[in-house]
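These notes concern the structure reproduced below.
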Amino acid sequence: MRVRRIGALLLTAAALAASLTACGGDDKFVIGVKFDQPGLGLKGTDGKPTGFDVDVAKYIAKELGYSEDKIEWKETVSANREPFIQQGQVDMVLATYSITDARKELVSFAGPYLVTGQDILTRADDTTIADVEGLSAKKVCGAQGSSSPKRLVDKFGEPWKGQYLTEQQGYGACLPLLEQSQVDAISTDATILAGFAAQQPGKFRLVGKPFSEEKYGVGLKKDDKETRDKVNAAIEKMFGDGSWKKAVDANFGEFATAFATPPALEKY
Ligand code: GLU
């Protein structure tokens, strides 16, 4: 009798311990963000990232039941966003991640939560580039796996790629190349370029002639409709309660005026 009761007690204790773990005693919600893009996802000296993507990510995580201390931030660069989602290395990605049909074959997207366009950053004293056509014989830096250099290669062709395109792991690595005149321009989303320009006033020039539509989505496992619906509901709430506008104003500085109203969600 006594032995049995102890056995039952032990079982209860074991079950309790197991359920505590399952409840997320140690469970982390892993979010992929950029670490090198001021205003969007930038790793601070304390190791924690800040920026618009980070603020949207925190809001969504909270709506899904994860307080900030349960979030593990993981750096995603342009090229590893799909594999990280597919391999389960991250639970979601908010990393200036444009929704495209090609990517939708591999992952799912909630959102969009912001819409911007591809633009050009030059050195402040270089006035030779007025729009995308001006890049036809200029050295340009882009990030591997990003849709931005791909758009230029589609436009100017493979010989242009060989002669003029430099690809780095991230846009942060393009910046010193532009400063040191190893390239003439960086071309990617205006949000990213505006963030770089604001960091070093007077040094760079944002051309301001966007030539694409980049809809930022939350990257999720393909066909995880349940999570996608929950994330869309969280984004909708963020749009409606003023938090989205607050995050825009807090992170984009002068460039915030470009984002007066939230975009329409594309639920599917
Ligand atoms: N938004 C574009 C993309 O998803 C360019 C920026 C980036 O590579 O993060 O490819």
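Each peptide in 199-209, 78-88 receives the mean, over its residues, of other Cβ atoms within 10 Å, and ordering these scores from highest gives 78-88, 199-209. With only the Cα atoms considered, the chain has a convex hull volume of 151 Å³ per residue.
Rank Ala247, Ala57, Cys174 by how far each Cα sits towards the positive end of the charge dipole of the chain (+1 on Lys, Arg Cβ; -1 on Asp, Glu Cβ) and give me just the farthest. Farthest along the dipole direction, towards plus: Ala57.
Across every pair of non-identical alpha carbons in region 144-232, the mean reciprocal distance, once inverted, gives a Kirkwood radius of 15.3 Å. Working ranking of peptides 176-183, 32-39 by packing, defined as the average number of other Cβ atoms within 10 Å per residue, highest first, is 32-39, 176-183.
All Cα-Cα separations within region 105-156 were binned at 5 Å from zero, giving a P(r) of 4, 13, 24, 21, 16, 10, 7, 3, 1, each value a whole percent of the pairs.
Neighbours of Lys237 by Cβ distance under 12 Å: Lys/Arg scored +1, Asp/Glu scored -1, total -1. Just to be sure I understand: if I project the alpha-carbon convex hull of region 180-268 onto a plane and average over all orientations, what area do I get in nm²? Projected area, direction-averaged: 7.8 nm².
Relative contact order of region 80-220, taken over Cα pairs closer than 8 Å and 6 or more residues apart, is 45 percent. Taking a sphere under 12 Å around the Cβ of Leu106 and counting the other residues whose Cβ falls inside, with K and R at +1 and D and E at -1, yields a net charge of +1. Per residue of the chain, the DSSP helices (runs of n ≥ 4 H) give a summed -39500 (n - 2.57) that works out to -11000 deg cm²/dmol at 222 nm. With a cut-off of 14 Å on the backbone N, no residue of region 166-194 is near the modelled label site 7 Å out from Lys246 along Cα-Cβ. The distance from the alpha carbon centre of region 73-145 to that of region 186-230 is 6 Å, rounded to a whole number. Hydrodynamic analysis of region 46-108 uses the Kirkwood radius over alpha carbon pairs. Inserted into Stokes-Einstein at 25 °C and 0.890 mPa s, it gives a translational diffusion coefficient of 193 µm²/s.
Would you work out if region 135-191 is rounded, prolate or oblate? Take a ≥ b ≥ c from the square roots of the eigenvalues of the alpha-carbon gyration tensor; rounded if a/c is under 1.5, else prolate when a/b is larger than b/c, oblate otherwise. Oblate, because a/c is 1.5 or more while a/b does not exceed b/c.
Rule-based calculations on the coordinates, nothing more; no lab input. Not measured: the values here are computed from a predicted model. A quick note on method: Cβ atoms are made from the backbone with ideal geometry, for glycine too, and the neighbour counts reach across all protein chains shown.
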